[in-house]
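Working notes, structure below.
Rule-based calculations on the coordinates, nothing more; no lab input. Keep in mind that what you see is a predicted model, and the values were worked out from it rather than measured. Methodologically, a virtual Cβ is constructed for each residue, glycine included, from the backbone with ideal geometry; neighbour enumeration extends over all protein chains shown.
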Amino acid sequence: MTETIPDAAPDLDFDLKVLPKVSLHDHLDGGLRPATIIELAEAAGHTLPSTDPVALGEWFRESADSGSLVRYLETFDHTIAVMQTKEGLFRVAKEFVEDLADDGVVYGEVRWAPEQHLQKGLSLDEVVEAVQAGLEAGVDAVAETGRDIQVGQLITAMRHADRGQEIAELAVRHRNNGAVGFDIAGAEDGFLPSRFKDAFTYLAQHNFPATVHAGEAAGLDSIQSALVDGRALRLGHGVRIAEDVTIEFEDDEDADAQGDEVNDTIGMVTLGELASWVRDRGIALEICPSSNLQTGAIAGFGEGIESHPLDMLYQLGFNVTINTDNRLMSGVTLTDEFELLVETFDYDLDDLLELTLNAAEAAFLPLEEKEALVEYINEAYADLG
Ligand SMILES: [Zn+2]
């Protein structure tokens, strides 16, 4: 991306790739390089919709653009099919880290569901170890180019399956070897976090943090269950918390009296109890703008990215972070998502810094490491300003 940003943000007239970024919501099985999928599929005897890297990349984006979360999730059949061996998992994890670093990410949490990678006989522990080895090789490869990146695994359970307890125990078992948090993912509607209540209790008893996909394909009930049953410290997307925010608009009467154009101005903002809890307690929202548009998560708020409630939530003081979700399916990088916000909402460098610091402070890191990350980001932005 070398195109310049519109006049609205003259201080951002440079490649946003150089900004240090924090990525909290990025799926390992949604961030493969098309060329890698093709090579691994050939070795695995798996048939793909195309064996041309460009055409395959387009196929993923078009399928994801259908507006249906179910079809969006179907694209993962192909990526998961090539991630069933130690070699496949290692390579995908290593390249994932290298691609994050190329995007300016300095700290990334990589989420994936080990239970989906057992088709060729590997155990849960073996797949976690293979991914960890790949992530560490990626960090080393990045270091060789003179840059730094830190990554951690978010061990995910599939919400339609019944392995929550087993996966929670797996995550805790690997807490000193790369696992930094727990998540549940997959079809949200109809599969409340309360299904995994015991697993979440186990995690809480072991003081192991959880983020929970909620408020994407389902609404406030799902978010409530994520917070109460899941004890979620962050919400995966969480965007539909905006359904618990009421804004009354009123006419600007002074402008009307002077014959000026009448603009609706915000009158009163009312937060429901759930929205108050999420905002006032600083529960981080892992917002993924392009993905939310593609899956229809924000369809209830209007058409187009300009209808995304992230700006309203951000202005109201919610703890908004910006993420990619699935870079392959959405055809985006975190840099692209930042550019989208600059173009859509006129965000400037201060906004991008605030959103990045929100993510750094919500990272599942020890305090000292979080403080070091915040300091690094602040210094890098100060050098740019
Ligand atoms: Zn996700």
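Taking the Cα centre of region 302-371 as origin and assigning +1 to Lys and Arg Cβ atoms and -1 to Asp and Glu Cβ atoms, the resulting dipole is close to 300 debye. The angle between the Cα long axis of helix 34-44 and the main principal axis of the chain comes to about 30°, on a 0 to 90 degree scale. Peptides 285-295, 307-317, 325-335 ordered by packing proxy, namely the average of other Cβ atoms within 10 Å per residue, highest first: 285-295, 325-335, 307-317. Between the amide H of HIS213 and those of ILE184, GLY236, distances stay under 5 Å, these residues lying 5 or more places away or on another chain, with hydrogens modeled in the peptide plane. Treating each Cα of region 309-385 as an identical point scatterer and summing with the Debye formula, the log10 of I(q)/I(0) at q = 0.17, 0.24 Å⁻¹ comes to -0.75, -1.25.
For the options ARG234, ARG91, ARG281, a Gaussian network treatment of the chain with springs between C-alpha atoms closer than 10 Å singles out ARG281 as fluctuating the most. Between ARG173, ARG240, ARG279, the residue with the greatest mean-square fluctuation in the GNM of the chain (Cα pairs under 10 Å linked by springs) is ARG173.
Calculated mean residue ellipticity, 222 nm, the chain: -13500 deg cm²/dmol, from DSSP H runs (n ≥ 4) at -39500 (n - 2.57) each, averaged per residue and rounded to 500.
In sequence order, region 223-237 has phi-based couplings of 5, 4, 5, 4, 7, 8, 6, x, 6, 5, 8, 9, 10, x, 6 Hz under the Karplus curve 6.51 cos²θ - 1.76 cosθ + 1.60, θ = phi - 60°, and Gly or Pro positions carry x.
Taking the Cα centre of the chain as reference, the dipole from Cβ charges on Lys and Arg (+1) and Asp and Glu (-1) amounts to some 2520 debye.
Among ASN358, ASN177, ASN323, the largest mean-square fluctuation in a Gaussian network model of the chain, built with springs joining Cα atoms closer than 10 Å, belongs to ASN177. Seen from all directions on average, the chain presents a Cα convex hull projection of 19.6 nm².
Mind checking which of PRO114, PHE90, LEU135 is farthest towards the positive end of region 70-192's charge dipole, using Cβ charges of +1 (Lys, Arg) and -1 (Asp, Glu) about the Cα centre? Going by the charge dipole, the pick is PRO114.
As a test, work out the antiparallel percent of DSSP beta bridges whose residues both lie in the chain, rounded to the nearest 5. In the chain, approximately 20 percent of DSSP beta bridges are antiparallel ones. Based on Cα atoms of region 162-207, Rg over Rh with Rh as the Kirkwood radius reads 0.98. Anisotropy class assigned to region 35-117 is rounded, per the alpha carbon gyration tensor with a/c under the 1.5 cut-off. Between region 209-237 and region 28-50, how far is it from one alpha carbon centroid to the other, in angstrom? So the two Cα centres are separated by 31 Å.
For ALA284, the residues whose modelled amide H falls within less than 5 Å of its own, excluding neighbours fewer than 5 places apart on the same chain, are LEU235.
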